[in-house]
1. When you go through (1) at pLDDT 95 or above; (2) surrounded by fewer than 17 Cβ atoms within 10 Å (Cβ to Cβ) one by one for Ile4, which number turns out not to apply?
2. Six or more apart or on different chains, Cβ under 7 Å: which pairs go from a residue in the range 18-38 that's under 10 Å from Val6 (Cβ atoms) and surrounded by fewer than 15 Cβ atoms within 10 Å (Cβ to Cβ) to one that's of a type in the set (Ser, Thr, Tyr) and at pLDDT below 95? Could you list them?
3. Looking only at strands (runs of 3 or more DSSP E) that lie completely in the range 1-59, which have at least 1 residues being within 12 Å of the chain's Cα centre (by Cα) and of a type in the set (Gly, Ala, Ser)?
4. Give the range 69-90 a look and list any residue that's assigned to a loop (DSSP other than H, G, I, E, B) and either among the β-branched types (Val, Ile, Thr) or modelled with pLDDT under 95 (or both), or say none.
Amino acid sequence: MPRIEVRLYNSLRKPGDNTSRMLELDREITVGELVGRMGIDGHDIYVAFKNGTPLGRGLEAAADTWLGDGDVIALSGPIPFSWAYGAPIV
């Protein structure tokens, strides 16, 4: 049974939640399947990383990436008021 670590950041993380959680799966799955199982709206994902390597912006860039035993997947929502969105940090 594959075991993966999921890390949620920024708007994907609810106040009081741990940043990281371990999941045991019945089989290897894709990032897109994982997001669906977790009930996360794919439009809310700004960037994804697998084992520290960027998969690209948005769920579309990462959806077909397979996750297996020992993988760490990090998902981040938009970072409010950041230079990435063209707005200065106040």
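The values are calculated or read from the model by the stated rules, or taken from the named source; none is laboratory data. This structure is a prediction, so every number in the text was calculated from the model and none was measured. As a convention, Cβ positions derive from the backbone with ideal geometry for all residues, glycine included, and neighbour counts pool all protein chains shown.
1. Ile4 satisfies every listed condition except (2).
2. Thr19/Tyr9
3. So the answer is 20-24, 47-50, 53-57.
4. The first filter runs over the range 69-90 and keeps only residues assigned to a loop (DSSP other than H, G, I, E, B), leaving 69-71, 77-82, 86-90.
Selection gives Gly77, Pro78, Ile79, Pro80, Phe81, Ser82, Gly86, Ala87, Pro88, Ile89, Val90.
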